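Notes for the one structure printed next.
The values are calculated or read from the model by the stated rules, or taken from the named source; none is laboratory data. What you are looking at is a predicted structure, and each value in this text was computed from that prediction instead of being measured. Cβ placement follows ideal geometry from the backbone for every residue including glycine, while neighbour counts extend to all protein chains displayed.
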Amino acid sequence: MSSGRPQRFTAVVGEESRTLEIQALGEGRYRIHIDGTERIVDSQQTGQGTFSLLIDNATAEVSVTSRGDEFAVAVNGRTHRLKLLDERALRRRAGKAAGEGAHEIRAAMPGKVVAVLVEKGATVERGQGLLVIEAMKMENEIAAPRSGTVTELRVAPGQAVEAGELLARVD
């Protein structure tokens with residue numbers, strides 16, 4: 001995530017939703033608003049998917065794994081599962097029933113395509129990995145939202161993508 005304009009998301013944990021706004025300040029620092037409460041977070045990656053965070057003079061070791069827009073965040077021996085949806089994904093989720101018609105796969109946040117796991121024309125199962133994107137120093141596997149055929153593939157390894165950019169389509 002580059003410095004500048006904040007990125008807005010909705011974090012869905014079980015039946016609850018939280019409004020999340022993240023602004024990169026540079027050098028591993030972020031301004032984060034959760035339901036309007038501001039925190040400055042100093043983040044340092046300590047390994048693949050692991051981070052040391054400094055939040056309000058308290059430290060936390062965090063492990064993050066993701067598959068598409070679903071994240072598992074382990075803190076102090078407890079794992080928290082959540083979905084992180086940008087505004088466009090939230091509207092799509094509210095407006096479409098699962099399994100109907102074509103599904104567009106869009107970037108949830110700016111990043112770089114690390115790997116393309118399928119080819120155009122490939123038959124995929126729901127949840128199967130399509131792409132791997134590096135964002136905020138984490139590699140995120142983007143999964144097929146439904147079973148079907150990959151009818152569009154708009155990215156290649158090494159390509160930079162912006163939040164909301166169309167990556168692929170599964171019909």
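Worth pointing out:
A quick yes/no check of all residues on (1) β-branched (Val, Ile, Thr); (2) without any contact (Cβ under 8 Å) to a residue 40 or more places away in the chain; (3) assigned to a strand (DSSP E or B):
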position	(1), (2), (3)
VAL12	yes, no, yes
THR19	yes, yes, yes
ASP42	no, yes, yes
LEU53	no, yes, yes
THR59	yes, yes, yes
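- If you check ARG78, ARG18 for being surrounded by fewer than 16 Cβ atoms within 10 Å (Cβ to Cβ), of a type in the set (Lys, Arg) and more than 19 Å from the chain's Cα centre (by Cα), only one passes: ARG78.
- Pick from the stretch 41-54, criterion of a type outside the set (S, T, N, Q) and out of contact with any Asp or Glu (no Cβ under 8 Å at 6 or more places or on another chain), ranking: surrounded by the fewest Cβ atoms within 10 Å (Cβ to Cβ): GLY47
- Single unsatisfied condition, VAL155 versus (1) surrounded by 15 or more Cβ atoms within 10 Å (Cβ to Cβ); (2) free of Cβ contacts under 8 Å to residues at least 60 places away in the same chain; (3) in contact with a Lys or Arg (Cβ under 7 Å, 6 or more places away or on another chain): (3)
- Checking each residue in the stretch 106-146 for being polar (S, T, N, Q) and assigned to a strand (DSSP E or B) picks out THR123, ASN140.
- Some residue of the stretch 72-90 being modelled with pLDDT of 85 or more, among the charged types (D, E, K, R) and within 14 Å of MET136 (Cβ to Cβ): no
- Qualifying position, being surrounded by fewer than 17 Cβ atoms within 10 Å (Cβ to Cβ), farther than 29 Å from GLN44 by Cβ and of a type in the set (A, V, I, L, M), among ALA122, ALA144: ALA122
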